[in-house]
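The values are calculated or read from the model by the stated rules, or taken from the named source; none is laboratory data. Remember, it's a predicted structure, so these values are computed and weren't measured experimentally. Counting neighbours? That spans all protein chains shown, and the Cβs are built from the backbone with ideal geometry, glycine included. Keep in mind that these areas ignore ligands, DNA and RNA; they rest on the heavy atoms of the full protein, side chains included. Shrake-Rupley method; radii C 1.70, N 1.55, O 1.52, S 1.80 Å.
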Amino acid sequence: MKMFWRMREFSICRAKVSNQFWESYWLRRNHFAIVPKMPTLFNKEGYKFLFYSNEHRPIHVHVRYGGGEAVFVIENGVELRESQGLKVRELSKAQLLAEENREMIIQKWHEYFD
């Protein structure tokens, strides 16, 4: 009896994994995905400044350029929090643009999230 229930539990688990696999495969194959909205603040010199609609404090902005992305905390000055795929020169330019537009980024943050 115990053996039967174990096998049954195993097959149910296997079915769940299988369904999850095929659902994710179908979503990838058909280019469907659920992602949060990403309000774009501005584009300048190929840099796209945005934040996700489900953001959290501290106030920060995501910057995309080419295939890379960086996150700058804007609350007390502009500080790099993380980056991926951007060169030092590109990060410096993104930080400069964030510093130039810091007040506007903070204003847009409060308009959207408050």
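Figures for the structure shown
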{"read-out": "Net charge, residue 66 excluded, C-beta distance under 14 Å - Lys, Arg +1, Asp, Glu -1", "value": "+2"}
{"read-out": "Accessible area in the full protein assembly, largest first, 1.4 Å probe, for 65, 47, 52", "value": "65, 52, 47"}
{"read-out": "For residue 75, distant residues with modelled amide H under 5 Å away", "value": "59"}
{"read-out": "Estimated FRET transfer efficiency when R0 is 35 angstrom, pair residue 111-residue 88 (beta carbons, to 0.05)", "value": "0.60"}
{"read-out": "Local electrostatic count, residue 77, Cβ distance below 11 Å [Lys/Arg +1, Asp/Glu -1]", "value": "-2"}
{"read-out": "Candidate residues 57, 89, 81, 64: accessible-area rank, largest first, probe 1.4 Å", "value": "89, 57, 81, 64"}
